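Participant: Take this structure, written in structure tokens, and hold onto it; I'll ask about it next.
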Ligand SMILES: [Ca+2]
Ligand SMILES: [Ca+2]
């Protein structure tokens, strides 16, 4: 079952009208750290990856300001839906699907983009969430990624066609064939 199948235009419009922490254009700048709720189109940018994780976890997970990667324990905690909106904009019931990184090795310094949704991925081999067109500034940039919860991530060179990578839970380097080429993304 496809829980979410938005057109690219709908996702981009929703992201544009719901931006709180900055305009989508800010995501085009190197080092930006944003999240997008694929289910609602809500979109917020922060100054650091640590702030994104604090927001999405309802302040339950606090990374060091310069933290590049998350531990297995932190990843498991991040996968739990936000239970409080205290100090957070993500809202309760938000599930973190995956974080993509502009740089290899899950290095947050080059910029991160985190996708969230209204539920965790399920255990069926279908597409649970997808983004047909990468958010502004993120076309052809992804070099590594991490999935959360039951989600696995698949990268596509074009909109669900052409060269692909995944599904995979995590990748420190997506490889030369698709590095800096991802234009759409799916989660299952
Ligand atoms: Ca890259
Ligand atoms: Ca591409």
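Participant: Hey, can you tell me all the residues within the stretch 134-159 that are at positive phi and crowded, with 16+ Cβ neighbours inside 10 Å? First the steps, then the outcome.
Facilitator: So the first thing to find is which residues in the stretch 134-159 are at positive phi, and the list is 137, 140, 149.
The answer is 137, 149.
Participant: Go through (1) outside any strand (DSSP E or B); (2) closer than 22 Å to residue 73 by Cα; (3) in contact with a helix residue (DSSP H, G or I) (Cβ under 6 Å, 6 or more places away or on another chain) and name the single condition residue 92 misses.
Facilitator: (3)
Participant: I'm trying to understand the selection: among the residues of the stretch 97-133, which are without any contact (Cβ under 8 Å) to a residue 60 or more places away in the chain, away from ligand 1 (no atom under 12 Å from the Cβ) and surrounded by 24 or more Cβ atoms within 10 Å (Cβ to Cβ)?
Facilitator: Once the filter is applied, which keeps residues that are without any contact (Cβ under 8 Å) to a residue 60 or more places away in the chain, away from ligand 1 (no atom under 12 Å from the Cβ) and surrounded by 24 or more Cβ atoms within 10 Å (Cβ to Cβ), the stretch 97-133 yields only 99.
Participant: Related question: How many residues, within the stretch 165-183, are more than 15 Å from the chain's Cα centre (by Cα) and crowded, with 19+ Cβ neighbours inside 10 Å?
Facilitator: So the count comes out to 5.
Participant: Restricting to the stretch 134-154, name every residue that is free of Cβ contacts under 8 Å to residues at least 40 places away in the same chain and within 14 Å of ligand 2 (Cβ to nearest atom).
Facilitator: Selection gives 154 alone.
Participant: What is the number of the single condition among (1) within 16 Å of ligand 2 (Cβ to nearest atom); (2) modelled with pLDDT of 95 or more; (3) in contact with a helix residue (DSSP H, G or I) (Cβ under 8 Å, 6 or more places away or on another chain); (4) in a loop (DSSP other than H, G, I, E, B) that residue 113 does not meet?
Facilitator: In the conditions (1) within 16 Å of ligand 2 (Cβ to nearest atom); (2) modelled with pLDDT of 95 or more; (3) in contact with a helix residue (DSSP H, G or I) (Cβ under 8 Å, 6 or more places away or on another chain); (4) in a loop (DSSP other than H, G, I, E, B), residue 113 misses (4) alone.
Participant: Then there's this: Just name the residue that is surrounded by the most Cβ atoms within 10 Å (Cβ to Cβ) out of those in the stretch 75-85 that are at pLDDT 80 or above and more than 12 Å from residue 59 (Cα to Cα).
Facilitator: It comes out as 75.
Participant: Next question, about the same structure. All but one of (1) more than 16 Å from ligand 1 (Cβ to nearest atom); (2) touching a residue at least 40 places away in the same chain (Cβ under 8 Å); (3) more than 14 Å from residue 56 (Cα to Cα); (4) in a loop (DSSP other than H, G, I, E, B) hold for residue 186; which doesn't?
Facilitator: Unmet condition: (4).
The values are calculated or read from the model by the stated rules, or taken from the named source; none is laboratory data. All values reported here derive from a predicted model rather than from experimental measurement. Positions of Cβ are generated from backbone atoms using ideal geometry, with glycine treated the same way; all protein chains shown enter the neighbour counts.
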